[in-house]
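The values are calculated or read from the model by the stated rules, or taken from the named source; none is laboratory data. Bear in mind the structure is a predicted one, so any value in this text is a computation, not a measurement. We place every Cβ from the backbone using ideal geometry, glycine too, and count neighbours over all the protein chains shown. Calculation scope for accessible area: heavy atoms of the full protein, side chains included, ligands and nucleic acids excluded. Shrake-Rupley method; radii C 1.70, N 1.55, O 1.52, S 1.80 Å.
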Amino acid sequence: MTDRTDPSRRRFLTGALAAGGAVAATKVAAQAGDPAITDISQQPWSQYLGPGVDAAPYGVPSPHEAHVVRRNVEWLTADTVSSINFTPLHELDGIITPNGLCFERHHGGVAEVDPGMYRLMINGLVDTPLVFTLEDLMRFPRENHAYFLECAANTGMEWRGAQLNGCQFTHGMIHNVMYTGIPLRILLEQAGVKTNGKWILPEGADAAGMTRSIPMEKALDDCLVAFKMNGEALRPEQGYPVRLVVPGWEGNMWVKWLRRIEVGDEPWHHREETSKYTDLLENGQARRFTWEMDAKSVITNPSPQAPLTHGPGPTVLTGVAWSGRGTIPRVDVTIDGGKNWHMARMSGPSFTKSMHRFYFEFEWDGSPLLLQSRAHDSTGYVQPTKDMLREIRGENSIYHNNGIQTWYVNEQGVAENVEIS
Ligand code: MTE
Ligand code: CO
């Protein structure tokens with residue numbers, strides 16, 4: 001596997017650049033005499049017939065992209081069934097996460113559900129308890145929406161200082177997918193929610209049988225019972241055949257392998273909303289029901305796993321931003337640790353509760369950089385610094401760390417996770 005951060009490889013690249021002669025500050029182009037232009041013998045792909053259409057009935061990425069994979073952090077993953085891996089954000093562009101690269105978080109491993117045996121039950125405080133097969137679900141009106149899913153624990157290892165070296169590990173518990181699903185409201189209306197039905201309890205069919213309490217207003221607002229991601233069936237890892245989509249709210253509530261929705265008159269206070277997914281404050285009290293994901297952003301390139309491999313001159317900085325409360329109209333970036341802020345260029349669709357892509361093109365003078373990004377969401381909220389968060393929440397928290405991330409980039413282009421205050 002290619003290690004993109006291997007310093008010897010990077011030295012080779014900068015050396016080659018220097019040997020090739022001076023690169024004009026604003027021109028980026030290959031050099032005359034480059035064998036990749038002149039030497040056809042080094043380009044077998046244009047001399048033989050390639051494999052035909054039968055080679056890959058289900059397409060896979062180029063073998064040259066084999067390093068673009070989900071990765072885990074060994075000391076975070078105690079065993080295989082209660083596991084986490086991370087989206088390689090530094091290898092992606094645009095706003096959509098490819099299905100095979102969506103991070104995974106399982107409390108009881110991946111449930112392999114037989115779609116023929118799949119049933120979704122709605123029971124509790126309803127006029128008519130109902131059970132749907134997958135075929136039944138296909139007869140309800142469906143909608144398409146792109147939403148981010150962020151685990152509340154994303155960036156949770158960074159509360160006490162810079163720790164993990166790469167945006168895949170610090171920020172990769174997020175994916176952004178185009179879902180096709182039925183508005184939950186429509187299914188609840190079929191069952192007829194009783195007037196005292198104020199909460200729902202979605203339950204997963206996996207060995208963890210995950211449950212969370214969700215207020216009825218949210219259930220009737222924008223939740224989806226989803227069965228497609230980016231156009232194709234949900235992947236087993238993401239809850240095949242059906243998962244709950246809870247836009248803008250912490251990932252833990254997006255119950256996978258959804259088998260039952262109970263309607264009740266008060267929250268259940270199950271494990272995932274008491275001992276977990278609450279934020280312990282300095283005074284010993286805990287914040288509960290912190291459902292919405294606050295606005296956040298991160299620079300994905302350059303970053304520790306994606307160093308600058310060229311010398312001074314035109315440089316593209318890019319990253320992603322999102323908010324559980326709306327859209328991201330603006331992201332600011334700094335390359336000098338906050339002395340000067342610049343408005344980044346947003347590019348791509350701006351959907352509510354979805355990932356946004358930003359770029360900042362600049363002329364790198366070869367001196368060290370301190371890179372940060374700061375998201376503004378459509379409610380006017382501005383992403384805080386980590387110190388601002390610590391002042392209010394202390395350092396006992398794991399969840400909901402949306403503080404500004406800093407990368408230090410040295411003269412050689414090597415990037416590192418740091419904090420500045
Ligand atoms: N649903 C079930 N049934 N079982 C689980 O373990 N994990 C939750 C949530 N839904 C989980 C689940 C957590 S903590 C998160 S962050 C998201 O699913 C992760 O979704 P993903 O695996 O698609 O990334
Ligand atoms: Co989670």
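Overview of results
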quantity: Scope segment 145-160; condition modelled with pLDDT under 95 and open to solvent by 20 Å² or more (accessible area, probe 1.4 Å); matching residues; calculated: Met157, Arg160
quantity: Leading residue by the ranking (nearest to ligand 2 (Cβ to nearest atom)) among those in segment 140-161 that are more than 16 Å from Ala226 (Cβ to Cβ) and in a loop (DSSP other than H, G, I, E, B); calculated: Cys151
quantity: Enumeration of residues in segment 56-78 that are among the acidic types (Asp, Glu) and surrounded by 10 or more Cβ atoms within 10 Å (Cβ to Cβ); calculated: Glu65
quantity: Residues of segment 257-278 satisfying the condition of being in a strand (DSSP E or B) and within 15 Å of ligand 1 (Cβ to nearest atom); calculated: Leu258, Arg259, Arg260, Ile261, Glu262
quantity: Gly100 vs. criteria over 30 Å from the mean Cα position of the chain (by Cα), away from ligand 2 (no atom under 16 Å from the Cβ) and either not assigned by TED's automatic domain parsing to the domain that holds Val242 or not hydroxyl-bearing (Ser, Thr, Tyr) (or both); calculated: no
quantity: Residue in segment 273-286 that is touching a Leu at 6+ places or on another chain (Cβ under 8 Å), touching a residue at least 40 places away in the same chain (Cβ under 8 Å) and hydroxyl-bearing (Ser, Thr, Tyr) present; calculated: no
quantity: Selection from segment 119-144 of residues that are open to solvent by less than 60 Å² (accessible area, probe 1.4 Å) and in contact (Cβ under 8 Å) with a residue 12 or more places away in the chain; calculated: Leu120, Ile122, Asn123, Gly124, Leu125, Val126, Leu130, Phe132, Thr133, Leu134, Leu137, Phe140
quantity: Any hit, segment 196-209, residues being without any contact (Cβ under 8 Å) to a residue 12 or more places away in the chain, farther than 27 Å from Ser83 by Cβ, open to solvent by 10 Å² or more (accessible area, probe 1.4 Å) and more than 24 Å from the chain's Cα centre (by Cα); calculated: no
quantity: Breaking point among (1) at pLDDT 95 or above; (2) within 16 Å of ligand 2 (Cβ to nearest atom), for Ile84; calculated: (1)
quantity: Condition broken by Pro247, with the remaining ones in (1) open to solvent by 10 Å² or more (accessible area, probe 1.4 Å); (2) outside the structural domain of Phe358 (by TED's automatic domain parsing); (3) part of a loop (DSSP other than H, G, I, E, B) satisfied; calculated: (1)
quantity: Exclusive hit being within 15 Å of ligand 1 (Cβ to nearest atom), in contact with a strand residue (DSSP E or B) (Cβ under 9 Å, 6 or more places away or on another chain) and either at pLDDT 95 or above or more than 23 Å from Ser297 (Cα to Cα) (or both), set Val126, Val113; calculated: Val113
quantity: Residue count for segment 395-421, restricted to those that are among the small types (Gly, Ala, Ser) and closer than 19 Å to Lys296 by Cα; calculated: 3
quantity: Qualifying residue in segment 224-233 (condition: in the same structural domain as Gly109 (by TED's automatic domain parsing), assigned to a loop (DSSP other than H, G, I, E, B) and crowded, with 16+ Cβ neighbours inside 10 Å); calculated: yes
quantity: When residues of segment 279-289 are limited to those that are more than 16 Å from ligand 2 (Cβ to nearest atom) and not in a loop (DSSP other than H, G, I, E, B), the one farthest from Gly192 (Cα to Cα); calculated: Leu280
quantity: Output for segment 149-200, where each listed residue is touching a Gly at 6+ places or on another chain (Cβ under 6 Å) and aliphatic (A, V, I, L, M); calculated: Leu149
quantity: Residues of segment 251-309 that turn out to be at pLDDT below 95 and open to solvent by less than 50 Å² (accessible area, probe 1.4 Å), as a count; calculated: 8
